[in-house]
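Structure first, commentary second.
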Amino acid sequence: MRTSLQIREDLARTGYIWMPNYKDILVKVWANMETYFDDDESVESALWASFKRYDEEMIGIVFITTKRTFTIEVIDGNDNAQIRYLPFDSYSLQKIQLQLSKSGTGLNYVSLLNDSFGNGITFATPNKDVAQHFVDTLRGKTNGEIEKLPDSDDPLLAENEKEQVIDENLEKAEEIVPHKFEKKHEEIKPMKEHDGWRKAPPDNRDKEIEIKIVPAKPEKPKKVKKDGYASKWQSKTWMFWFAIPISIVAIIACLLIFL
């Protein structure tokens with residue numbers, strides 16, 4: 001187990017100096033994270049953000065260490081909710097999208113598209129440097145494409161981020177009665193995490209990862225409608241109407257001279 005002070009020292013060595021002062025993350029997550037770290041791993045980056053998992057609004061921190069990547073999270077606004085630990089394989093990420101705030105005062109978004117689960121999740125943090133540091137660190141631990149989107153204050157949604165469907169019939173399944181010659185099935189105990197599962201592949205920082213910068217769409221100029229007095233003088237039709245009375249006067253003058 002690593003203490004919070006040791007974790008801060010780990011992050012400081014990577015240039016990370018920002019504490020999670022967003023919503024209740026500092027109290028509910030950061031203050032209760034020490035038991036989730038091993039003595040032989042070092043923390044490289046921490047993305048603290050709000051996000052949505054299933055239908056629940058969550059707050060938490062996505063950690064990148066020398067051994068693994070995982071999220072420590074809790075339901076936002078629920079004081080009695082238990083903290084959750086969710087590991088994920090960074091090498092299975094298909095795409096990472098980064099969208100920074102245009103105004104500088106809005107939220108910055110990091111979307112992770114995971115091809116193994118077939119869905120995406122978007123993390124929103126008010127700190128631009130935290131989002132950028134996380135993506136830069138993740139670049140060395142994934143084979144996925146990194147896409148830099150134009151700065152915007154509009155919320156970002158991962159490409160295939162959608163409500164995940166839970167099969168309600170699973171809870172209604174009937175218990176299968178064992179054969180009289182078979183032993184009655186025992187209660188299945190939860191599988192413990194094996195140390196081998198948590199060993200990350202070698203660092204991928206030296207490998208060229210495609211970073212795609214998406215240009216912003218050009219704004220179409222608005223058409224200005226001209227109206228009011230003399231708005232049509234730029235048109236040549238006024239010359240026709242101006243020539244009619246002059247022609248009539250000239251004809252009358254010629255008739256008077258000859259008469």
Two-site label geometry, L157 and K23: point separation in nm, points 7 Å out along Cα→Cβ: 1.9
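Within 9 Å, Cβ to Cβ, of L98, how many net charges do the neighbouring residues add up to if Lys/Arg are +1 and Asp/Glu are -1?
With Lys, Arg at +1 and Asp, Glu at -1, the net is 0.
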Amide H partners (placed H, <5 Å) of K52, local residues excluded: M58, T122
J(HN,Hα) series, the range 69-81, from Karplus relation 6.51 cos²θ - 1.76 cosθ + 1.60, nearest Hz, glycine and proline x: 10, 7, 10, 10, 9, 8, 5, 6, x, 10, 6, 9, 6
Distant-in-sequence amide H partners of E44 (H built 1.01 Å from N, under 5 Å): I64, T65, T66
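What does the convex hull of the Cα atoms of the range 4-163 come to per residue, in Å³, rounded to a whole number? Don't skip to the answer; put the middle values down first.
Details: hull volume 17.4 nm³, N = 160.
Output value, Cα hull per residue: 109 Å³.
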³J(HN,Hα) computed for each position of the range 43-54 - Karplus, 6.51 cos²θ - 1.76 cosθ + 1.60, integer Hz, glycine/proline x: 8, 9, 7, 8, 9, 9, 6, 9, 6, 10, 10, 6
Counted charge near I59, where neighbours are those whose Cβ lies closer than 10 Å (Asp, Glu -1; Lys, Arg +1): -2
Carbon/sulfur fraction of accessible area - the range 4-163, other protein chains in place, 1.4 Å, %: 47
Accessible area per residue in Å² at 1.4 Å probe, computed on the range 4-163: 45
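Local charge sum around Y16 (other residues, Cβ-Cβ under 13 Å, Lys/Arg +1, Asp/Glu -1)? Before the final figure, lay out each step's value.
Details: positive: R8, R13; negative: E9, D10, E44, D129, D136.
So the surrounding residues net to -3.
The values are calculated or read from the model by the stated rules, or taken from the named source; none is laboratory data. Just so you know, these numbers come straight off a predicted model, no measurement behind them. Please note: Cβ atoms are built from the backbone with ideal geometry, for glycine as well, and neighbour counts cover all protein chains shown. All accessible areas refer to the heavy atoms of the entire protein, side chains included, with ligands and DNA or RNA removed. Shrake-Rupley method; radii C 1.70, N 1.55, O 1.52, S 1.80 Å.
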